[in-house]
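Encoded as structure tokens, the structure appears first; notes follow it.
The values are calculated or read from the model by the stated rules, or taken from the named source; none is laboratory data. As the structure is a computational prediction, the values presented were derived from the model and not from experiment. Virtual Cβ from ideal backbone geometry, glycine too; neighbours counted across all protein chains shown.
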Amino acid sequence: MQLNIKGNLEYRRIVPLILLTFVENAFKFGDLSNPDHPLLIEILVKENHLIFKTYNKKCSEAKKQSGGIG
């Protein structure tokens, strides 16, 4: 996994956990076993904008759905 953060994050506030779903999905549906295609997360603060990107190779096999609540 690689994390790139650019820009001044000081005094910037966002809603807690708002980006968590994107990161969870990258781990859940991504092929993290291939070192040639690592998970990449980029956060860029530019003026009053926060740009958040995730890059990963998608698993070639569909993961089995688990049942239940939660």
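Filtering segment 1-35 to residues that are exposed (fewer than 12 other Cβ atoms within 10 Å of the Cβ), of a type in the set (S, T, N, Q) and not in a loop (DSSP other than H, G, I, E, B) leaves Q2, N4, T21.
Scan segment 1-59 for residues that are under 11 Å from the mean Cα position of the chain (by Cα) and of a type in the set (D, E) and report the count. So the answer is 2. For V45, the requirement of being exposed (fewer than 12 other Cβ atoms within 10 Å of the Cβ) and either at pLDDT 90 or above or among the aliphatic types (A, V, I, L, M) (or both) is not met.
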